[in-house]
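Working notes for the structure below.
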Amino acid sequence: MSKIIKKIKGRVKKYLPESWILILVIIGLSLIIGSISPVFFTFQNFINIIVSISVITIIGVGMTMVILLGGIDVSVGSIFALTAVITGDILAKGGPVIVPIIIGILVGLAFGLWNGFFTAKVKIPALIVTLAGLSIGRGIVLIYTRGQTTYGFPESFLRIGQSRLLGVPIIVYITIIITIIAIFVLNRTSFGRSIYAIGNNSTAARISGIRVELITMIVFTITGFLCSISGLITIARMNAAGSTLGQGLEFQVITAVVLGGTSITGGRGGIGKTVIGAIIVGLISNGMQLLGVSIFYNQFISGLILLAAVTLDVMRGKKEFETL
Amino acid sequence: MNDKITLRAKKITKIFPGGKALDNFSFKLRKGEIHGLLGKNGAGKSTFIKILNGLYKQDTGEIFINNKKIKNINPILSLNLGLKFIHQELNVFPHLSIMDNIFMNNYYYKPKGFISWKKVFFETKKILEDYKINVSPYTKIEDLDIGKIQLIEIISAITKKAKIIIMDEPTSSLGRREKEKLFSTLKVLKSKNISIIYITHVLEEVLNICDRATVLRDGKLVGTFKKRDFSRDFLVEKIVGQKVKNDITDIEKKSEKKLKNIRTSLSARNLGYKNILNNVSFDANYGEILCILGLMGAGKSEIANIIFGLIKDYSGNIYINGNIIKELSPVKSIKNSLGFVTEDRKRSGIFYHMSVMQNCSIVILKNISKLLGIINLNKEKEIISKIVKKLSISTPNLKQKVKYLSGGNQQKVVLGKWLAKDQDILILDEPTKGIDVSTRTEFYNILLSLRNSGKSVILLTSDYEEVYSISDRILLLKKGEVKKTLYRKNHTPSSLLAELVSN
């Protein structure tokens with residue numbers, strides 16, 4: 001009898017992912033919102049939610065890697081905005097569309113490399129480097145735009161953000177492809193393995209021959225790149241690039257990553273968890289919209305969610321400590 | 001010294017998953033005595049100290065202080081009871097001044113509750129003059145050398161009105177003059193009826209200052225002896241025990257192997273590092289276990305860290321297979337077929353939340369991955385399961401996270417990652433520290449079989465029994481200098497201990 005119970009327990013453990021509490025949260029939230037708002041369980045709303053979390057998810061991929069390393073990047077909102085306004089400005093001036101896209105991506109890569117350089121080589125804590133980056137990036141945005149918004153981009157560019165394939169926006173495909181590639185890279189490549197190793201024990205990683213500095217720089221650069229991709233698809237969707245783009249974005253992204261279950265101390269977690277975290281963040285803001293909760297409550301509720309997420313992480317850590 | 005007992009431990013037993021750390025251990029400390037606590041590594045000394053400090057709780061047994069039974073000790077309670085601990089690792093506030101460090105939690109106050117800095121300053125100054133430490137009370141601890149820091153820590157303990165001071169190897173980083181100062185201070189404390197538990201490996205110190213000495217072996221009390229009854233040889237015999245364990249004689253048989261053609265693997269020439277290493281030269285050979293035997297602080301870890309490129313500002317040269325290697329780094333060392341099992345597996349060995357497989361394969365990722373660094377999981381599994389089998393790492397499966405393994409198995413995993421890479425020269429720094437006896441024997445057998453297959457093993461250790469069990473050649477390292485080369489066949493464990501602790 002006890003054998004059978006054990007077997008069932010093993011099965012449940014095997015097939016129910018680690019994040020089962022969060023999946024229950026997603027189901028619960030959906031049921032609550034759906035029971036109040038008839039619009040919730042529609043295909044269109046479903047697509048809306050995914051589009052709304054696409055930016056958080058894409059940048060969350062980079063942020064997950066950074067946090068797995070044991071770092072953090074609070075400059076993502078600024079990188080996002082910077083690539084958006086520069087690309088937008090050049091687009092509005094006309095010429096071939098590919099040029100501003102490439103420039104935008106280069107800006108993102110360069111900014112990420114900058115963060116990585118100061119973290120890995122100069123050995124300043126990532127929080128400080130990227131906090132400075134947040135201010136520097138936003139500062140350049142303001143100097144560059146003088147607070148103005150550019151709009152009116154070429155049709156061919158807007159297609160990235162607005163056209164659909166089989167009824168699903170291109171943005172959704174881009175998000176899914178990036179996520180799948182990132183999951184593969186983290187789980188199956190030596191680069192991904194090295195990220196986990198550094199986050200677990202950077203001294204041991206160094207002794208094991210892992211190029212800790214190089215990998216740290218690459219990870220920050222990837223994050224910069226993903227910010228630029230997000231910036232591009234965002235302005236393509238909105239047909240406008242303003243200086244206030246992406247303010248507070250770092251907050252949402254970090255919430256999604258930590259809520260998903262990637263440990264803030266590094267070494268544990270993954271992209272899949274971040275996707276779940278992002279879905280919850282998206283569901284909550286979608287629900288608040290549908291239920292007509294005032295936008296003024298947004299920040300208040302987001303703060304509570306972040307605190308709840310970190311509390312969960314700390315409790316997980318404690319439990320492990322006890323079983324040692 | 002008088003006959004009043006200030007601290008009494010009665011039949012203390014503490015069981016860890018690896019075995020009994022303390023087994024029915026009883027101990028009496030008199031008022032105003034310096035009481036040596038002796039025993040080899042793992043004998044149970046530090047477990048006992050941690051119980052007194054409230055960091056561990058004994059399974060059975062009682063502790064009395066001034067005839068009052070003390071239950072549920074915790075660090076704060078033990079401080080309030082007048083116990084003060086001075087550990088091997090320093091417990092100071094490096095960024096604060098000497099006076100803060102001495103008077104922390106114990107400042108002089110003005111009537112309104114403000115600290116009287118004037119008084120604190122002059123008191124500190126007086127103390128420093130008393131101890132002939134010629135620095136200002138404002139000096140930050142981080143600007144002092146380690147000997148002075150240790151003295152400051154001891155002084156701070158005394159000013160906190162400790163009744164019982166427990167010192168764990170307090171002289172490991174002191175110079176001769178500082179040592180003498182410390183000893184005269186201890187004698188002053190004694191005259192003030194303060195009791196001292198003094199843990200050390202250096203028997204000369206015990207003979208010099210201790211009134212009584214208690215010897216522990218394998219968690220059991222061997223005996224408590226009076227000064228007039230003990231001599232150096234007597235203590236060595238008590239610490240080591242009469243008979244050497246059977247498992248070690250087993251190993252002994254295997255280690256009778258003659259080297260035919262000696263081929264040098266790694267050479268160090270005139271290594272120097274700060275004032276820790278001085279002119280260290282040696283050659284290690286393939287097919288040999290070279291032991292570098294030295295006490296804590298002798299410079300063993302520094303040698304290993306230089307070879308592996310973790311210490312940069314050293315002098316001298318390292319040769320591998322006869323080629324000089326400049327600008328050493330872990331990546332370069334690994335390329336030259338070196339492996340390094342560090343002293344502290346938690347801090348620099350294992351990847352805590354990762355699986356056994358991922359831990360072992362971390363060095364061979366390049367070898368088992370194809371285009372774009374994609375890991376060939378089947379190959380990984382194939383190689384690592386061989387290693388796990390070879391080292392008999394006890395784990396339910398390869399996916400088990402390393403944090404759930406026992407210390408001994410974690411250590412095997414750390415060794416396993418270098419065996420997976422099939423490195424030819426292995427450096428191990430205190431690899432069996434804190435590992436139970438049976439796993440230790442397994443570990444020795446592994447090292448011997450590696451040596452027999454032609455690898456070069458360099459073992460840095462303070463454990464003379466370990467050295468006796470498996471070494472082919474022994475370098476005696478003292479205060480950063482190689483003093484002698486010894487051969488196992490000429491020695492017994494006790495004669496090795498004698499060499500280790502002699503001046």
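The values are calculated or read from the model by the stated rules, or taken from the named source; none is laboratory data. If you're wondering where the values come from, they're calculated on a predicted model, not measured in any experiment. Every residue, glycine as well, gets a Cβ built from its backbone with ideal geometry; the counts of neighbours run over all protein chains shown. Accessible surface is based on the protein model in full, side chains and every heavy atom, while ligands, DNA and RNA are left aside. Shrake-Rupley method; radii C 1.70, N 1.55, O 1.52, S 1.80 Å.
When the residues of segment A:117-137 are filtered to those that are closer than 18 Å to A:Ser202 by Cβ and not β-branched (Val, Ile, Thr), the one that is surrounded by the fewest Cβ atoms within 10 Å (Cβ to Cβ) is A:Lys123. Here segment A:197-227 is the region considered, the condition is being among the polar types (S, T, N, Q) and more than 9 Å from chain B (Cβ to nearest Cβ), and the residue that is most open to solvent (accessible area, probe 1.4 Å) is A:Ser202. Among the criteria (1) farther than 14 Å from A:Leu68 by Cα; (2) in contact with a helix residue (DSSP H, G or I) (Cβ under 7 Å, 6 or more places away or on another chain); (3) away from chain B (no Cβ under 14 Å), the one A:Ser190 does not fulfil is (3). Report yes if some residue within segment A:166-183 is within 14 Å of chain B (Cβ to nearest Cβ), at negative phi and open to solvent by 40 Å² or more (accessible area, probe 1.4 Å); otherwise report no. Scanning segment A:166-183, I find at least one residue that is within 14 Å of chain B (Cβ to nearest Cβ), at negative phi and open to solvent by 40 Å² or more (accessible area, probe 1.4 Å), so the answer is yes. If you check B:Leu52 against the conditions, is it open to solvent by 30 Å² or more (accessible area, probe 1.4 Å), within 14 Å of B:Lys163 (Cβ to Cβ) and part of a helix (DSSP H, G or I)? No: the conditions fail for B:Leu52. Screening the candidates B:Leu290, B:Leu310 for the property of being closer than 22 Å to B:Gly349 by Cβ and in a strand (DSSP E or B) yields one hit, B:Leu290. Candidates in segment A:276-297 are the residues that are of a type outside the set (A, V, I, L, M, F, W, C) and under 16 Å from A:Leu259 (Cβ atoms); of these, the one that is farthest from the chain's Cα centre (by Cα) is A:Gly287. Residues of segment B:431-463 that are open to solvent by less than 10 Å² (accessible area, probe 1.4 Å) and touching a strand residue (DSSP E or B) at 6+ places or on another chain (Cβ under 7 Å): B:Pro431, B:Leu447, B:Leu450, B:Arg451, B:Ser456, B:Val457, B:Ile458, B:Leu459, B:Leu460, B:Thr461. Of all the criteria given as (1) in contact with a helix residue (DSSP H, G or I) (Cβ under 7 Å, 6 or more places away or on another chain); (2) more than 8 Å from every other protein chain (Cβ to nearest Cβ), the one not satisfied by B:Lys300 is (1). Regarding segment A:221-230, can at least one residue be identified that is under 22 Å from A:Ile103 (Cβ atoms) and in contact with a Ser or Thr (Cβ under 6 Å, 6 or more places away or on another chain)? Checking segment A:221-230: at least one residue is under 22 Å from A:Ile103 (Cβ atoms) and in contact with a Ser or Thr (Cβ under 6 Å, 6 or more places away or on another chain).
Out of B:Ile350, B:Ile393, B:Ile383, one residue alone is more than 32 Å from the chain's Cα centre (by Cα) and either free of Cβ contacts under 8 Å to residues at least 60 places away in the same chain or within 13 Å of chain A (Cβ to nearest Cβ) (or both). It is B:Ile383.
Every condition in (1) over 29 Å from A:Gly94 (Cα atoms); (2) more than 14 Å from the chain's Cα centre (by Cα); (3) β-branched (Val, Ile, Thr) is met by A:Ile171 except one, and the failing one is (1). Taking the residues in segment B:338-347 that are within 7 Å of chain A (Cβ to nearest Cβ) and in contact (Cβ under 8 Å) with a residue 12 or more places away in the chain as candidates, determine which candidate is surrounded by the most Cβ atoms within 10 Å (Cβ to Cβ). It comes out as B:Phe340. B:Leu377 meets all of the listed conditions (1) within 10 Å of chain A (Cβ to nearest Cβ); (2) over 24 Å from the mean Cα position of the chain (by Cα); (3) modelled with pLDDT under 90 but one, namely (3). Among the criteria (1) more than 11 Å from every other protein chain (Cβ to nearest Cβ); (2) in contact with a strand residue (DSSP E or B) (Cβ under 8 Å, 6 or more places away or on another chain), the one B:Leu365 does not fulfil is (1).
Checking each residue in segment B:324-368 for being outside any helix (DSSP H, G or I) and of a type in the set (Ser, Thr, Tyr) picks out B:Ser329, B:Ser337, B:Thr342, B:Tyr352, B:Ser355, B:Ser361.
Determine if segment B:398-410 includes at least one residue that is closer than 30 Å to B:Asn208 by Cα, of a type outside the set (Phe, Trp, Tyr) and crowded, with 22+ Cβ neighbours inside 10 Å. The answer is no, given that none of the residues of segment B:398-410 is closer than 30 Å to B:Asn208 by Cα, of a type outside the set (Phe, Trp, Tyr) and crowded, with 22+ Cβ neighbours inside 10 Å. The requirement of being of a type in the set (S, T, N, Q) and over 25 Å from B:Thr485 (Cβ atoms) is fulfilled nowhere in segment B:318-328; no residue meets it. Test B:Ser26 against the stated conditions and say whether it is out of contact with any Phe, Trp or Tyr (no Cβ under 9 Å at 6 or more places or on another chain) and among the hydroxyl-bearing types (Ser, Thr, Tyr). In short, yes.
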